[in-house]
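What follows is a single structure, written as C-alpha coordinates, with notes after it.
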Amino acid sequence: MCSILESHSFTVTKRYFWSDSTTVLAWLRVDPRKFKQYVACRIGKILEHTDTNEWRWVPSKQNPEDYATKWGSGPSLDVEGAWFKGLPFLHRSEEEWPKQNMPQQTVEEKLRVCNILVEEVSDRLRTLL
(Lines give C-alpha, C1' and ligand atoms only; values in the text may rest on other atoms or scores of the structure.)
Protein backbone atom coordinates (compact mmCIF):
# COMPACT_ATOMS: atom_id res chain seq x y z
CA MET A 1 0.00 0.00 0.00
CA CYS A 2 2.79 2.43 0.87
CA SER A 3 4.61 1.64 -2.39
CA ILE A 4 1.46 2.20 -4.42
CA LEU A 5 0.76 5.53 -2.74
CA GLU A 6 4.36 6.68 -3.22
CA SER A 7 4.49 5.70 -6.90
CA HIS A 8 1.32 7.57 -7.97
CA SER A 9 0.74 11.30 -8.14
CA PHE A 10 -3.02 11.25 -7.54
CA THR A 11 -4.53 11.76 -4.11
CA VAL A 12 -6.21 8.79 -2.46
CA THR A 13 -9.24 9.88 -0.47
CA LYS A 14 -10.56 6.49 0.65
CA ARG A 15 -8.84 3.17 1.19
CA TYR A 16 -10.12 -0.33 1.82
CA PHE A 17 -8.15 -3.38 2.89
CA TRP A 18 -9.57 -6.86 2.66
CA SER A 19 -8.98 -10.05 4.61
CA ASP A 20 -10.79 -13.37 4.70
CA SER A 21 -9.43 -14.03 8.20
CA THR A 22 -11.92 -13.11 10.90
CA THR A 23 -9.16 -13.76 13.45
CA VAL A 24 -6.89 -11.11 11.94
CA LEU A 25 -9.79 -8.67 11.66
CA ALA A 26 -10.55 -9.23 15.35
CA TRP A 27 -6.86 -8.76 16.26
CA LEU A 28 -6.89 -5.38 14.51
CA ARG A 29 -9.56 -4.19 16.95
CA VAL A 30 -7.54 -5.04 20.08
CA ASP A 31 -4.56 -3.27 21.63
CA PRO A 32 -1.55 -5.09 20.08
CA ARG A 33 0.29 -5.03 23.41
CA LYS A 34 -2.05 -7.77 24.64
CA PHE A 35 -0.46 -10.28 22.28
CA LYS A 36 2.82 -12.12 22.23
CA GLN A 37 5.69 -10.40 20.49
CA TYR A 38 5.26 -11.80 16.96
CA VAL A 39 1.53 -11.06 16.67
CA ALA A 40 1.92 -7.72 18.47
CA CYS A 41 4.64 -6.60 16.04
CA ARG A 42 2.67 -7.66 12.96
CA ILE A 43 -0.54 -6.01 14.13
CA GLY A 44 1.35 -2.90 15.27
CA LYS A 45 2.99 -2.59 11.85
CA ILE A 46 -0.36 -2.89 10.08
CA LEU A 47 -1.90 -0.26 12.34
CA GLU A 48 1.02 2.15 11.73
CA HIS A 49 -0.18 2.51 8.14
CA THR A 50 -3.92 1.75 8.30
CA ASP A 51 -6.96 2.39 10.45
CA THR A 52 -9.16 -0.42 11.72
CA ASN A 53 -12.21 1.12 10.01
CA GLU A 54 -10.49 0.66 6.61
CA TRP A 55 -10.52 -3.13 6.95
CA ARG A 56 -13.24 -5.30 5.43
CA TRP A 57 -14.01 -9.00 5.30
CA VAL A 58 -14.13 -10.92 2.02
CA PRO A 59 -15.22 -14.57 1.67
CA SER A 60 -12.24 -16.88 1.04
CA LYS A 61 -13.61 -18.05 -2.32
CA GLN A 62 -13.66 -14.40 -3.49
CA ASN A 63 -10.25 -13.45 -2.11
CA PRO A 64 -7.97 -12.81 -5.12
CA GLU A 65 -4.93 -13.36 -2.90
CA ASP A 66 -5.89 -17.03 -2.78
CA TYR A 67 -6.34 -17.43 -6.55
CA ALA A 68 -2.65 -18.13 -7.05
CA THR A 69 -2.41 -20.87 -4.42
CA LYS A 70 -5.92 -22.25 -3.98
CA TRP A 71 -9.10 -22.92 -5.91
CA GLY A 72 -7.73 -24.53 -9.03
CA SER A 73 -5.02 -23.90 -11.56
CA GLY A 74 -4.10 -20.35 -10.64
CA PRO A 75 -5.31 -16.82 -11.30
CA SER A 76 -6.83 -15.77 -14.57
CA LEU A 77 -4.49 -13.27 -16.17
CA ASP A 78 -7.20 -12.15 -18.57
CA VAL A 79 -7.49 -8.35 -18.52
CA GLU A 80 -11.20 -8.81 -17.80
CA GLY A 81 -10.42 -10.94 -14.70
CA ALA A 82 -10.51 -10.01 -11.02
CA TRP A 83 -6.75 -9.36 -10.84
CA PHE A 84 -7.09 -6.50 -13.32
CA LYS A 85 -10.65 -5.22 -12.89
CA GLY A 86 -11.28 -6.05 -9.26
CA LEU A 87 -13.93 -8.27 -7.80
CA PRO A 88 -17.42 -7.81 -9.27
CA PHE A 89 -18.94 -6.63 -5.97
CA LEU A 90 -16.49 -3.70 -5.90
CA HIS A 91 -18.29 -2.21 -8.91
CA ARG A 92 -21.54 -2.07 -6.92
CA SER A 93 -22.46 0.21 -4.04
CA GLU A 94 -20.71 -0.32 -0.72
CA GLU A 95 -23.97 -1.53 0.82
CA GLU A 96 -23.79 -4.56 -1.51
CA TRP A 97 -20.27 -5.58 -0.47
CA PRO A 98 -19.84 -8.79 1.53
CA LYS A 99 -20.48 -8.36 5.22
CA GLN A 100 -19.81 -10.63 8.12
CA ASN A 101 -21.41 -9.83 11.40
CA MET A 102 -18.43 -9.92 13.69
CA PRO A 103 -19.47 -9.99 17.32
CA GLN A 104 -17.41 -7.90 19.68
CA GLN A 105 -15.33 -10.78 20.86
CA THR A 106 -12.52 -10.90 23.33
CA VAL A 107 -9.38 -11.99 21.57
CA GLU A 108 -6.75 -13.42 23.82
CA GLU A 109 -3.62 -15.33 23.11
CA LYS A 110 -2.94 -18.33 25.27
CA LEU A 111 -0.14 -17.65 27.67
CA ARG A 112 2.35 -20.45 28.08
CA VAL A 113 4.20 -21.38 31.23
CA CYS A 114 7.84 -20.45 31.06
CA ASN A 115 10.12 -22.42 33.35
CA ILE A 116 13.45 -20.91 34.28
CA LEU A 117 16.23 -22.88 35.90
CA VAL A 118 18.72 -20.89 37.92
CA GLU A 119 21.80 -22.60 39.26
CA GLU A 120 24.08 -21.08 41.83
CA VAL A 121 27.59 -22.34 42.34
CA SER A 122 28.61 -22.12 45.97
CA ASP A 123 31.98 -20.65 46.96
CA ARG A 124 33.07 -24.01 48.34
CA LEU A 125 32.40 -25.74 45.02
CA ARG A 126 34.17 -22.93 43.13
CA THR A 127 37.36 -23.55 45.06
CA LEU A 128 37.26 -27.18 43.99
CA LEU A 129 36.92 -26.24 40.33
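The values are calculated or read from the model by the stated rules, or taken from the named source; none is laboratory data. What you see is a predicted model, and the numbers here were worked out from it, not measured in a lab. For neighbour counting, all protein chains shown are included, and Cβ atoms are generated from backbone atoms with ideal geometry for every residue, glycine included. These accessible areas exclude ligands, DNA and RNA; they are computed on the full protein's heavy atoms, side chains included. Shrake-Rupley method; radii C 1.70, N 1.55, O 1.52, S 1.80 Å.
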Sequence-distant or interchain residues sharing an amide H contact under 5 Å with Phe17, placed H: which? Trp55, Arg56
From the backbone phi of region 82-91, what are the Karplus-calculated ³J(HN,Hα) couplings (6.51 cos²θ - 1.76 cosθ + 1.60, θ = phi - 60°) in whole Hz, Gly and Pro given as x? 5, 5, 9, 9, x, 5, x, 5, 5, 8
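What FRET efficiency do you get for Glu6 and Ala82 if R0 is 30 Å and r is their Cβ-Cβ distance, rounded to the nearest 0.05?
The formula returns an efficiency of 0.75 here.
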How large is ³J(HN,Hα) for each residue in region 57-62, as worked out from phi by the Karplus curve 6.51 cos²θ - 1.76 cosθ + 1.60 (θ = phi - 60°), to whole Hz, x for Gly and Pro? 9, 10, x, 3, 5, 9
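Roughly speaking, to the nearest percent, how much of region 1-65's 1.4 Å accessible area is carbon and sulfur?
Working: 2360 of 4560 Å².
Here carbon and sulfur together make up 52 percent of the probe-accessible area.
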Before I look further, what does region 4-66 give for accessible area per residue, probe 1.4 Å, in whole square angstrom? 69 Å²
In the structure displayed, which of Lys61/Lys99; Lys36/Lys61; Lys34/Lys61 lie more than 20 Å apart, Cα to Cα? Lys36/Lys61; Lys34/Lys61
Using every pair of alpha-carbon atoms in region 1-90, split the distances into 5 Å bins beginning at 0 and state the percent of pairs per bin, rounded to integers. 2, 11, 18, 19, 20, 16, 10, 3, 1
